[in-house]
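Accompanying notes for the structure given below.
Derivation of every value follows stated rules applied to the coordinates shown; laboratory data play no part. Remember, it's a predicted structure, so these values are computed and weren't measured experimentally. Cβ placement follows ideal geometry from the backbone for every residue including glycine, while neighbour counts extend to all protein chains displayed.
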Amino acid sequence: MTARVRMAENGAQVVSRLEGRQSLKDVEPNIFPVDGGPGQGDIVEFYGMEGTGKTETLYHLITRCIMPVQSGGLEVGVIIIDTDHHFDMLRLVSILEGQLARYSKESDGSEAESEEGVCSCLRRLSVVHCCSSAQLLLTLHYLENSISIQPSLDLLIIDSISAFFWVDRHSGGESIACQEANMRKCAEFLDKLRKNYGIVIFATTHAIMRNYNTTSDSGLSDVPGSSSWRWKSADSATDFNKPYLCRAWQRIITHRVLFTKSQVSKDHKQVFSAACTSIMTKGVKKCLFNVMEDGIKFLCDK
């Protein structure tokens, strides 16, 4: 009887959570297609070489999420799992202060109010560090309870989900199944989190190499209509590097953003490019941006 009651309560909690969790479709219209931004349960992969603006873009999106509605934000909770140990809290605070200052000037807010505003935003942010794929898997299991009881927690970020690729490949020996075991379990659990709780997931992937196996070896499908086939079609159309993480991960991605560093500069500033594809929309949404002291600045909206 107790088990039945518990199951009923959990079912009611799931409905409550899904109703209370916001959509992030408007989190950044410069990056995501019109009416094609990340909704409940979507997974976005930020893919590119090191130094192409992925992390700076994450700082921008985090700031947008944790800022209050009256300051142009979404006012939602964010969890960051830092696997690369590159997350710079001071950089995020600097961007956050710059964004809040714009609205503070318009409303004649005092310095004390500005400081309290930053603290209020940071209360919506949690940062967790992981040192191995096994620890990442355990962390995801641990975070499930927090996600389940906090409907205001809308975004889970993993920077990066490919951090342990080489270590796992080495420790797995000759067996691809062993090499991908932890990553596959992480992907399957992320799939569970997005389906059960409607949380949006952002994850960065380093473009460290092209696919190290043939399609048949890596388990990717050539069947039209499959998720992996859609991404390969998008890759061919936009010259994306081929994905190399396990099939379980490729299957659950709903958006993919390719980051590149342009060879040209504007006003002596490095120009970066982001090209977004989605399984829900046709074509590629492209934008250019600079990385400034107070965050990224978009140069165009194609």
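Cβ crowding within 10 Å, taken as a proxy for footprinting-reagent exposure, orders Y244, Y142 from fewest neighbours to most as Y142, Y244. Using a Förster radius of 51 Å, what is the FRET efficiency between T281 and V93 based on their Cβ-Cβ separation? Nearest 0.05, please. Between T281 and V93 the formula returns 0.90. Given R0 = 30 Å, the distance between the Cβ atoms of Q70 and V167 translates into a calculated FRET efficiency of 0.10. Spacing of the modelled spin labels on K195 and A101, each 7 Å from Cα toward Cβ, amounts to 4.7 nm. Going 7 Å from the Cα of A134 along its beta-carbon direction, which residues of the stretch 68-92 have the amide nitrogen within less than 19 Å of the resulting point? From the stretch 68-92, the list is 83-84.
The modelled label-to-label distance between R123 and K269, using points 7 Å beyond Cα along the C-beta direction, is 3.4 nm.
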